[in-house]
Amino acid sequence: MRHAFAFLSAALLLGLAIACGGGSSQSSTQTTSGGATTGAATSSLPVGDKPFPLDAADFTIEIDNPNWPMKPGSQWIFRETNAEGSVSKVVVTVLDKTKRIANGVEARIIHDQVSEDGEIKEDTYDWYAQDSKGNLWYFGEDTTEYENGKPKTKEGSWEAGVDGALPGIIMPADPQVGMTYREEYYKGHAEDGASIVGTDALAKVPYGRFTGGVQTRNFSGIEPDVIEEKIYAKGVGVVLEITVSGGSDRDELLSYTEG
């Protein structure tokens with residue numbers, strides 16, 4: 001999964017860019033070395049490299065999770081800024097196309113393209129589907145990184161059900177503080193997870209001011225020193241992505257068009 005995040009210390013960030021209220025209480029949780037919390041709230045969610053039973057018939061391409069709805073034609077445009085001041089444009093579009101994943105699930109295809117000064121830097125097709133409970137799942141990606149206008153590598157590509165790769169959850173149906181879950185798992189290539197750290201977050205970005213957002217803390221088994229945080233606004237999806245440790249990038253939403 002492509003990651004783009006921001007420059008500011010965690011303390012300054014949380015004081016200026018993100019105001020996060022708990023929204024719900026944590027119960028029986030503990031902090032792990034990866035910045036995650038574990039506890040009773042996570043028992044029904046996939047974690048780490050542990051197999052999780054799925055029935056392909058339980059999934060739909062009609063994605064209406066309130067914290068990240070994905071209707072065909074919907075489009076998000078982000079501005080990505082790194083520590084060096086380089087600015088990239090990120091365009092995420094929900095396509096009216098689907099893909100049959102190796103594990104049998106039919107998934108919605110999302111096109112994610114990163115460009116700088118009009119030149120494509122990364123071109124990705126992500127695959128999402130929603131289960132009957134409303135959880136938004138991530139089933140893999142076909143990504144290509146470009147250099148000087150030519151394809152450089154497809155590192156980071158993976159598909160659930162191929163070579164031991166496992167799908168994960170991007171947004172639970174009913175996010176609660178303390179939930180921890182796997183977002184993706186392909187050993188040595190994609191080992192991301194997330195914890196819900198707030199359900200009443202504030203984010204101010206060029207597209208607007210949002211309250212009552214779901215705030216996640218994102219971590220990776222491949223890069224354990226990197227901690228990122230995201231805010232999801234109801235009815236829109238991701239509006240702000242920031243690195244709070246081990247990095248210095250920032251993605252903020254410039255525009256959103258509903259399909």
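The values are calculated or read from the model by the stated rules, or taken from the named source; none is laboratory data. Model, not experiment: these values are computed from the prediction. Here the Cβ is made from the backbone with ideal geometry for all residues, glycine too, and neighbour counts use every protein chain on show. In case anyone asks, the SASA skips ligands and DNA or RNA and just uses the protein heavy atoms, side chains included. Shrake-Rupley method; radii C 1.70, N 1.55, O 1.52, S 1.80 Å.
Return the residue satisfying two criteria in turn: it lies in region 201-259 and is touching a helix residue (DSSP H, G or I) at 6+ places or on another chain (Cβ under 7 Å) and aliphatic (A, V, I, L, M), and of such residues it is nearest to Val92 (Cα to Cα). That would be Ile242.
Checking each residue in region 219-249 for being open to solvent by less than 50 Å² (accessible area, probe 1.4 Å) and among the β-branched types (Val, Ile, Thr) picks out Val226, Ile227, Ile231, Val236, Val238, Val239, Ile242, Thr243, Val244. For the residues Pro151, Pro167, Pro175, the requirement of being assigned to a loop (DSSP other than H, G, I, E, B) and in contact with a strand residue (DSSP E or B) (Cβ under 6 Å, 6 or more places away or on another chain) singles out Pro175. Scanning region 58-97 for residues that are within 17 Å of the chain's Cα centre (by Cα) and among the small types (Gly, Ala, Ser) yields one hit, Ser74.
Glu84 satisfies every condition listed in (1) within 26 Å of Pro206 (Cα to Cα); (2) at pLDDT below 95; (3) open to solvent by less than 10 Å² (accessible area, probe 1.4 Å) except (3).
Right, Asp142: assigned to a strand (DSSP E or B) and open to solvent by 40 Å² or more (accessible area, probe 1.4 Å) or not? Yes; evaluated as a whole, the condition is true for this residue.
Checked against the criterion of being among the small types (Gly, Ala, Ser) and over 27 Å from Val114 (Cβ atoms), the candidates Gly178, Gly188 yield just one match: Gly178. Annotation note: Cβ proximity below 6 Å between a residue of region 159-185 that is open to solvent by 30 Å² or more (accessible area, probe 1.4 Å) and a residue that is in a loop (DSSP other than H, G, I, E, B) and not small (Gly, Ala, Ser) (sequence gap 6+ or interchain) occurs for Gly161/Asn103; Ala173/Lys133; Ala173/Asn135; Tyr185/Asp49; Tyr185/Glu191. With the condition kept exactly as written, say whether any residue in region 200-218 is open to solvent by 30 Å² or more (accessible area, probe 1.4 Å), of a type in the set (Phe, Trp, Tyr) and at pLDDT 95 or above. Yes - at least one qualifying residue is present in region 200-218. The number of residues in region 161-193 being charged (D, E, K, R) and touching an Asp or Glu at 6+ places or on another chain (Cβ under 6 Å) comes to 3.
Scanning region 147-157 for residues that are open to solvent by less than 100 Å² (accessible area, probe 1.4 Å) and farther than 23 Å from Glu184 by Cα yields Glu147, Gly149, Pro151.
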